[in-house]
1. When the chain is modelled as a GNM with alpha-carbon springs shorter than 10 Å, which of ASP67, ASP34, ASP47 fluctuates the most?
2. Enumerate the lysines that LYS19 could reach by cross-link, defined here as Cα to Cα under 18 Å, with residues fewer than 8 away along the same chain left out.
3. For ARG22 and MET1, what is the calculated FRET efficiency with R₀ set at 22 Å and r taken between the beta-carbons, to the nearest 0.05?
4. Could you put ARG39, ARG83 in order of accessible surface area, largest first, with the 1.4 Å probe and the full protein assembly present?
5. If each residue of separation counts as 0.36 nm, what is the full-extension length gain between VAL12 and ARG83 once their alpha-carbon separation is subtracted?
6. State in Å² the accessible area per residue of the range 29-94; use a 1.4 Å probe, count heavy atoms of protein chains only, and round to the nearest integer.
7. What is the sum of charges around ALA14, taking Lys and Arg as +1, Asp and Glu as -1, for the other residues whose C-beta is under 13 Å from the C-beta of ALA14?
8. What is the P(r) of the chain, as percent of Cα-Cα pairs per 5 Å bin from 0?
Amino acid sequence: MSAFASIKQGLVEATNHAKGARGGVVEYRPRVVDVAGLRRRLGLTQDQFAARFGFSVATLRHWERGDRKPRGAALVLLNVSDRNPKAVLEALAG
């Protein structure tokens, strides 16, 4: 498939998805994570958790209070950390 045809197909799929069509697009919606619970299970302070995962302490506090919700890549990282914390901590230790 040519680059143009591939781009065109992607645009058609995106447009159809935006209009509510079900076919052609797989959408992943990460589940909500109890950030404070995860941090406590890992035995980390807010400062340690924020530093380890690359979040600001202020952002972490907002998540833990429920003022804001993690989104995007942060939510994906938190989901992976929640399901397999050992693997994530090992990967981040390097």
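1. Evaluated over the chain, the most mobile residue of the options is ASP67.
2. Counting by Cα, and skipping residues close in sequence, LYS19 has these lysines nearby: LYS8.
3. Given R0 = 22 Å and the Cβ-Cβ separation, E is 0.45.
4. ARG83, ARG39
5. So the extension gain works out to 22.1 nm.
6. Accessible area per residue, the range 29-94: 64 Å².
7. Result for the local shell: 0.
8. 2, 12, 19, 18, 11, 8, 9, 12, 7, 3, 0
The values are calculated or read from the model by the stated rules, or taken from the named source; none is laboratory data. It should be emphasised that the depicted structure is a prediction, and the values quoted were computed from it without experimental measurement. Positions of Cβ are backbone-derived with ideal geometry, glycine not excepted, and every protein chain shown enters the neighbour counts. With ligands, DNA and RNA removed, areas are computed over all heavy atoms of the protein, side chains included. Shrake-Rupley method; radii C 1.70, N 1.55, O 1.52, S 1.80 Å.
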